[in-house]
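Please read the structure below before turning to the comments.
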Amino acid sequence: MDLAVREGKTTASEQGPETSVALDGDGTCIARARHLAADFLTRRAGHAVTVSARVGEVVQLVVSELVTNAYKYAPGPVMMVLRITGEAVEVQVWDSHPGLPEARTADANRVGQHGLEIVKALATGFEARQVTAGKCITVRIALTDGQG
């Protein structure tokens with residue numbers, strides 16, 4: 001299946017800039033989501049706030065992990081929303097699977113399946129909730145390097 005990306009418009013709310021994108025298709029949507037996040041932080045949000053290289057890398061890693069899980073475990077499209085909210089970057093990923101993710105117990109001998117552990121360790125806030133047609137994962141990442 002071909003990759004389809006439908007970008008929403010970047011808007012500015014009272015809290016700051018926001019952008020959304022619908023991703024579907026093959027596994028290349030994961031790399032595309034990372035690139036869109038980097039672009040949002042440098043070209044769009046960068047006009048409103050300063051985002052360090054480290055924070056940019058953390059956001060891209062979180063986006064990659066969340067979109068990978070959605071692509072891997074949920075049928076259908078994935079919606080990603082990025083926004084600046086006060087002192088944080090908020091990453092929301094919606095998919096059509098209603099099951100909420102659970103981080104596994106830390107195990108240094110386990111190969112793989114550490115994504116949610118990594119996301120939670122990097123985040124200043126994490127929420128997973130069921131919605132009408134699936135679930136929405138929201139992760140907050142501090143804009144300043146000293147937090148998170």
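Packing, taken as the mean count of other beta carbons within 10 Å per residue, orders the peptides 131-140, 91-100 from highest to lowest as 91-100, 131-140.
Taking only alpha carbon atoms, the stretch 65-148 gives an Rg to Rh ratio of 0.98, where Rh is the Kirkwood radius. Per residue, the stretch 68-148 exposes 54 Å² of accessible surface when a 1.4 Å probe is rolled over the protein heavy atoms with every protein chain present.
Could you please state how large a percent of the accessible area of the stretch 29-115 is carbon and sulfur, counting protein chains only and using a 1.4 Å probe? Exposed carbon and sulfur together represent 54 percent of the surface.
The values are calculated or read from the model by the stated rules, or taken from the named source; none is laboratory data. Given the structure is predicted, the values throughout are model-derived calculations rather than measurements. Cβ atoms come from the backbone with ideal geometry, glycine included; neighbour counts cover every protein chain shown. Calculation scope for accessible area: heavy atoms of the full protein, side chains included, ligands and nucleic acids excluded. Shrake-Rupley method; radii C 1.70, N 1.55, O 1.52, S 1.80 Å.
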